[in-house]
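Quick note: the coordinates plus some simple rules give every number you see, no bench work behind them. Owing to the predicted nature of the structure, the values given are computational and were not obtained by experimental measurement. Glycine also receives a Cβ, built like all others from the backbone with ideal geometry; neighbour counts cover every protein chain displayed.
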Amino acid sequence: MGNHRLKKWIRLGVCLLLFMAAAVLILVKVNVDETVERMHPVVSVEKDYPSPEEYKVADELLSAYLRGGNRYHQMRFAKMLEDKDDILTMEATFDLHLPEEEREERREWGILGGDGVMHCEWVLTARRLNEGQEMPEDGANGLIKGIRYELLDVRYLGDVLAGEGKSRKELGIPLQQVLTADCYYRTQGDEVSVTWDGGQTWAKLPVGLEALTTRGEKVDDRSKLQPGSYYISPERLAFVYGGSTSLPCTLLYSDDQGVTWSITELDVYTEDLRQWVRACYVDFAPDGTGVIAIGAWRERNSESAQIFRSTDGGQTWEKQNPPEQYSGLVRGIGFASSEVGFLVKGESLYRTEDGGKTWEEQDVFHNPQYPQPQAPVFTDEKNGTIIVNQGPNGDLGDGSHVMQYTTSDAGKTWTFDQQVILEKPPQW
């Protein structure tokens, strides 16, 4: 009797163990399936979706990959890096909102801002599975034609750049007006000095900070020079300032590293109109052509432009024709050669092929998150780089996140290169 009861309990225990083992196997399988589904999700995208394919595909894949845990993201930008044999490699830039308890754990995902939002740059690899499959239409009972994509791999852009031997710090150097990181200025009281070799050699300017920050319009911060109003290189030093009733628009120039200086008054406006000068910009093309742009007579967000060009290394300056459009504030000027150059006015980029006699607006940048181009910088008459930033109301990284484009045809066309994080946001 005792043996029979013992055998009964043994059988019951074995059945219980088998049941528990089966439950564990099912649970493990479910967890594995969910992990596989999350790590390699498959999404469907409407075939004729109006946005570029890479934008919508990246958005849907990220939604599936990041789902759960009260996470959500907001797309900023997407770029197709490669599309070959139905394998897509895409760069995706987005804001990621993470629960507070996850922020430290997920730091490798991106840059955590002071607002608790993580700014991410990822490289996604996906497979285009098929085309023409019917898929449910959101909010309707009908079916639409769609394409299915499977996420294969996720990498962080910083790791990709490091693998290619590129430096994030080098890419983050602001390009406007500063040709190398070794060229900059410093102030001590009213004294201004410049260096072109990283601080080994300094040249003191014969004009003080008070004069260099004088404009017709009120300048809120006179402790530093207006961005774009100076040009520093081993070959040339140039500063444009003035534009008031007491101080006309003036160019301070040296082509011998500050041993000698010339001061040239620019014929910008009549004396009674000088009080309206707002901003001054100067640039030199690789071939030595100098250009100056003056913005004045502002009415809200519009103003007139005055443009000067020098083809003798900055010795003499001739007035050129500005674009006919009055709208927009002058934001910068940059030339590739004596004939080809660019003027930034408002959110518009104007190009000339005749030294500034005529201008044509370029319609090349179509990203509402990054509407404001800066003046391009050229390394020779064909190759150049331009930064497009978020404008004065940019909130991504406090305005430090910008888009970088390149050209190899003197700015006839521009190709997106990468997103860059500036060490300091643009100043307005």
For this session: Mind ranking 309-319, 117-127, 348-358 by how tightly packed they are, going by the mean number of other C-beta atoms within 10 angstrom, highest first?
Result: 117-127, 348-358, 309-319
Seminar exercise, completed: Fewest to most Cβ atoms within 10 Å: 65, 370, 231 sort as 65, 370, 231
Problem set entry | Computed FRET value (nearest 0.05) for residue 74 with residue 353, which takes r as the C-beta separation and R₀ as 35 Å | 0.30
Seminar exercise, completed: For segment 306-386, Rg(Cα) over 2.2 N^0.38 Å is 1.09
Exercise. Quick one: length gained pulling residue 127 to residue 156 fully straight, 0.36 nm per residue minus the C-alpha distance?
Worked result: 8.6 nm
Seminar exercise, completed: Expected vector for segment 73-89, Karplus 3J(HN,Hα) from phi with 6.51, -1.76, 1.60 and θ = phi - 60°, integer Hz, x for Gly and Pro, equals 10, 10, 5, 10, 7, 9, 9, 7, 8, 7, 9, 9, 6, 6, 9, 10, 10
Exercise. If you take the Cα atoms of segment 170-421, find Rg, then find the Kirkwood Rh from the mean of 1/r over all pairs, what is Rg/Rh?
Worked result: 0.94
For this session: With θ set to phi - 60°, apply the Karplus curve 6.51 cos²θ - 1.76 cosθ + 1.60 along segment 207-219 and write out the HN-Hα couplings as whole Hz, x wherever there is a Gly or Pro.
Result: 10, x, 4, 4, 5, 5, 9, 7, 9, x, 7, 5, 9
Problem set entry | Volume per residue that the Cα convex hull of segment 279-428 spans, once the total is divided by residue count, Å³ | 106
For this session: Just the ratio, please: alpha-carbon radius of gyration of segment 62-107 over 2.2 N^0.38 Å, N its number of residues.
Result: 1.41
Seminar exercise, completed: Here segment 220-233 yields Karplus 3J(HN,Hα) values (6.51, -1.76, 1.60; θ = phi - 60°; whole Hz; Gly and Pro given as x) of 5, 10, 9, 8, 8, 6, 5, x, x, 8, 9, 9, 10, 8
Exercise. Ranked from highest to lowest mean number of other Cβ atoms within 10 Å per residue, what is the order of the peptides 288-295, 53-60, 189-196?
Worked result: 288-295, 53-60, 189-196
